[in-house]
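Please treat every number below as a calculation from the coordinates, not as lab data. Here the structure is a predicted model, which is why all the values come from computation and not from measurement. Counting neighbours? That spans all protein chains shown, and the Cβs are built from the backbone with ideal geometry, glycine included.
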Ligand SMILES: *Cc1c(COP(=O)(O)O)cnc(C)c1O
């Protein structure tokens with residue numbers, strides 16, 4: 001049993017759609033997913049022994065690249081000590097200390113096991129703390145798959161063209177309000193919290209306009225609502241400190257995931273000690289988890305945070321800027337157009353038939369994501385050994401393991417892929 005097709009066939013028999021998360025499905029691009037057996041640095045290898053230059057990087061969970069030697073060594077040592085206890089461990093304290101030292105407004109955090117849990121719990125704290133019900137989110141932002149936030153989501157929700165999800169009751173979303181990204185909404189005193197991705201990275205990449213996040217801060221303050229930054233992607237990816245420092249706006253609550261687990265399942269939410277005192281056992285807001293603060297996950301996460309330096313982010317930002325320009329040029333010279341927005345080391349890619357401005361909300365992003373160019377582009381890249389996410393709503397993740405030569409290879413492949421996509425479209 002050594003082909004991707006055979007494994008996917010087996011998978012489909014026992015796993016719905018053959019995938020454990022819909023974003024991994026090839027539904028929107030067609031074809032059969034490659035089944036990964038190992039990863040090393042910027043590369044993954046499938047069951048057929050094919051190697052791909054990987055820009056999926058677990059949708060941003062991997063910052064150092066796959067199987068980083070230091071992380072592997074730390075995990076080897078950690079696993080021999082036991083993997084879960086149901087009692088406090090030094091590892092969770094060390095990770096919490098690292099994070100709170102680095103993010104200026106973050107005094108306390110609580111660890112959970114996924115980004116979904118982090119955001120769900122932060123919203124609960126905001127409601128418990130303010131005694132209010134309403135939460136406002138932005139169309140096209142993805143905040144995990146908890147019921148109340150599965151409305152107008154980005155990522156796989158947008159990819160599959162879903163307004164929300166079946167199985168979510170009207171009641172569950174009746175306290176969720178949705179507004180367009182990059183427009184500061186007018187709030188009232190029923191609003192507990194405004195939830196935002198400081199860089200929208202689940203409708204490909206939409207940057208916040210100058211003043212948007214500042215405007216949200218001011219509007220929240222005006223009505224006494226809490227501002228929640230969903231930093232599950234941006235946290236410790238955008239900069240050494242996160243979106244707060246990058247944009248100069250301090251939220252009341254922060255949500256983290258992906259990078260802080262070093263490739264293991266982790267999430268965290270936090271803010272000021274005053275707000276977090278609403279949590280049990282101190283306060284009335286209940287939140288819990290058997291595997292929360294898991295020793296393996298905290299060991300891996302803390303190792304990643306200790307390994308990266310501010311200089312790494314600065315250098316990656318600079319390289320990604322060059323990569324963006326080269327990708328744009330490669331696509332244009334093939335007869336298509338590309339919008340390749342960046343925010344720090346985050347990089348998006350939209351293909352277009354005409355010169356186009358960078359999108360500022362989901363409506364504009366949709367036009368570019370749904371124009372039919374991505375699927376042929378994606379498959380040509382894959383044929384050339386470059387793995388992008390199998391959906392136009394996801395961004396490209398450049399890890400610290402990607403070399404300049406890797407980025408050049410991607411640019412060369414993108415020229416060929418754009419030629420293919422231009423032909424299909426003609
Ligand atoms: C991935 C993501 C989540 C959900 O995290 P999971 O670990 O997949 O549950 C939440 N918010 C944002 C912005 C994300 O990108």
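Data for the structure
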quantity	calculated
Degrees, to the nearest 10: 115-130 long Cα axis against longest axis of the chain	30 degrees
Value of Rg/Rh across the stretch 69-307 [Cα atoms, Kirkwood radius]	0.96
DSSP bridge orientation in the chain - percent antiparallel, rounded to nearest 5	60 percent
Taking the convex hull of Cα positions in the stretch 235-322, its mean projected area over all directions (nm²)	6.8 nm²
Simple label model, 7 Å out from Cα along Cβ direction - residue 165 to residue 9, nm	3.1 nm
Viscosity 0.890 mPa s, 25 °C: Kirkwood-radius Stokes-Einstein D of the stretch 4-114 over Cα pairs, µm²/s	142 µm²/s
Sorted largest first, extent of the chain alpha carbons per principal axis (Å)	60, 53, 46
Between helix 69-79 and the chain: long-axis angle, C-alpha atoms, 0 to 90°, nearest 10	50 degrees
Computed [θ] at 222 nm, helices only, for the chain once each DSSP H run of length n ≥ 4 contributes -39500 (n - 2.57)	-11500 deg cm²/dmol
